[in-house]
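Trainee: Just dropping this structure here.
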Amino acid sequence: MADRCAIYPGTFDPITNGHVDIIERASHLFDRIIVVIARNSKKQPLFAEDERQVMIRDAVSALPNVSVDVCEGLLVEYARQQKAAAIVRGLRAVSDFEYEFQIALMNRKLEPAISTVFLMPHEKYCFLSSTIIREVARFGRDVRDLVPAEVARRLNNKFATHRIE
Ligand code: ADP
């Protein structure tokens with residue numbers, strides 16, 4: 001049987017333990033996972049794209065069937081090029097549902113052969129988002145329990161520099 005590939009798209013600004021939890025779960029379900037940084041011109045990210053890529057690579061280095069890439073255009077187009085069977089998304093709470101539902105149905109209309117698969121993280125990560133991490137780290141608080149070690153180090157460097165300025 002052909003290998004089953006899934007893509008896991010997001011902004012990952014930065015990757016958190018919630019994202020890593022979803023990637024681990026997905027890596028058991030599919031032969032190959034591509035974590036895709038989706039370029040979004042509307043968002044002004046804290047971390048540059050290459051930095052986000054390095055942090056994701058570092059966080060998934062123990063998972064041999066996971067790779068990292070960047071997508072510029074339409075996501076379903078990218079998924080089709082990669083011969084992906086599925087798009088993985090994380091569902092933390094009902095509040096994620098409406099937005100995710102809308103995107104998933106539009107993506108299915110655009111590319112009926114690609115299914116969106118929702119995975120739930122461990123409940124300890126259900127409150128976690130990259131936005132919350134950036135906010136807490138900005139004020140110098142410890143986020144080491146919630147993000148990979150390399151992310152905590154880079155957040156610390158970024159905001160330490162800002163604080164001196
Ligand atoms: P986006 O900018 O598309 O919201 P994110 O990088 O914030 O991208 O998230 C990518 C995916 O990971 C989304 O499906 C989001 O719901 C999911 N996700 C984000 N944080 C968590 C978490 N703590 N637990 C599980 N899934 C999460």
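Trainee: For the stretch 1-13, give me the residue count where each residue is touching a Phe, Trp or Tyr at 6+ places or on another chain (Cβ under 9 Å), assigned to a loop (DSSP other than H, G, I, E, B) and more than 9 Å from the ligand (Cβ to nearest atom).
Mentor: So the answer is 2.
Trainee: Can you pull out every residue in the stretch 95-114 that is more than 16 Å from GLY10 (Cα to Cα) and open to solvent by less than 60 Å² (accessible area, probe 1.4 Å)?
Mentor: The answer is GLU111, ILE114.
Trainee: Next question. Can PHE30 be described as hydrophobic (A, V, I, L, M, F, W, C), out of contact with any strand residue (DSSP E or B) (no Cβ under 6 Å at 6 or more places or on another chain) and open to solvent by less than 40 Å² (accessible area, probe 1.4 Å)?
Mentor: Considered against the rule, which asks whether it is hydrophobic (A, V, I, L, M, F, W, C), out of contact with any strand residue (DSSP E or B) (no Cβ under 6 Å at 6 or more places or on another chain) and open to solvent by less than 40 Å² (accessible area, probe 1.4 Å), PHE30 comes out as no.
Trainee: Looking at the stretch 102-126, which of its residues are of a type in the set (Phe, Trp, Tyr) and either touching a strand residue (DSSP E or B) at 6+ places or on another chain (Cβ under 6 Å) or away from the ligand (no atom under 12 Å from the Cβ) (or both)?
Mentor: Hit for the stretch 102-126 is PHE118, nothing else.
Trainee: Picking from ALA59, ALA26, which residue would you name as being over 25 Å from ASN157 (Cα atoms) and among the small types (Gly, Ala, Ser)?
Mentor: After applying the criteria, what remains is ALA26.
Trainee: Hey, ARG89 hits all of (1) more than 19 Å from VAL151 (Cα to Cα); (2) modelled with pLDDT under 95 but one; which does it fall short on?
Mentor: Result: ARG89 fails condition (2) only.
Trainee: I need a count of the residues in the stretch 79-94 that are open to solvent by 20 Å² or more (accessible area, probe 1.4 Å) and either more than 10 Å from the ligand (Cβ to nearest atom) or aromatic (Phe, Trp, Tyr) (or both).
Mentor: 6
Trainee: Restricting the search to the stretch 44-58, which residues are open to solvent by 30 Å² or more (accessible area, probe 1.4 Å), among the hydrophobic types (A, V, I, L, M, F, W, C) and part of a helix (DSSP H, G or I)?
Mentor: VAL54
Trainee: With the requirement that a residue be near the ligand (Cβ under 10 Å from one of its atoms) and open to solvent by 70 Å² or more (accessible area, probe 1.4 Å), what does the stretch 127-158 give you?
Mentor: PHE127, THR131, ILE132
Trainee: Taking the stretch 15-38, which residues are touching an Asp or Glu at 6+ places or on another chain (Cβ under 9 Å) and more than 11 Å from the ligand (Cβ to nearest atom)?
Mentor: PHE30, ASP31, ARG32, ILE34
Trainee: If you don't mind, another one. Give, as residue ranges, the helices (runs of 4 or more DSSP H) completely inside the stretch 66-165 that count at least 2 residues that are touching a residue at least 60 places away in the same chain (Cβ under 8 Å) and under 18 Å from the mean Cα position of the chain (by Cα).
Mentor: 75-81, 130-138, 149-164
The values are calculated or read from the model by the stated rules, or taken from the named source; none is laboratory data. Everything numeric here is computed off the predicted structure, so don't read it as measured data. So basically every Cβ, Gly included, is an ideal-geometry build from the backbone, and we count neighbours across all protein chains shown. Just the protein is used for accessible areas: all its heavy atoms, side chains included, with ligands, DNA and RNA removed. Shrake-Rupley method; radii C 1.70, N 1.55, O 1.52, S 1.80 Å.
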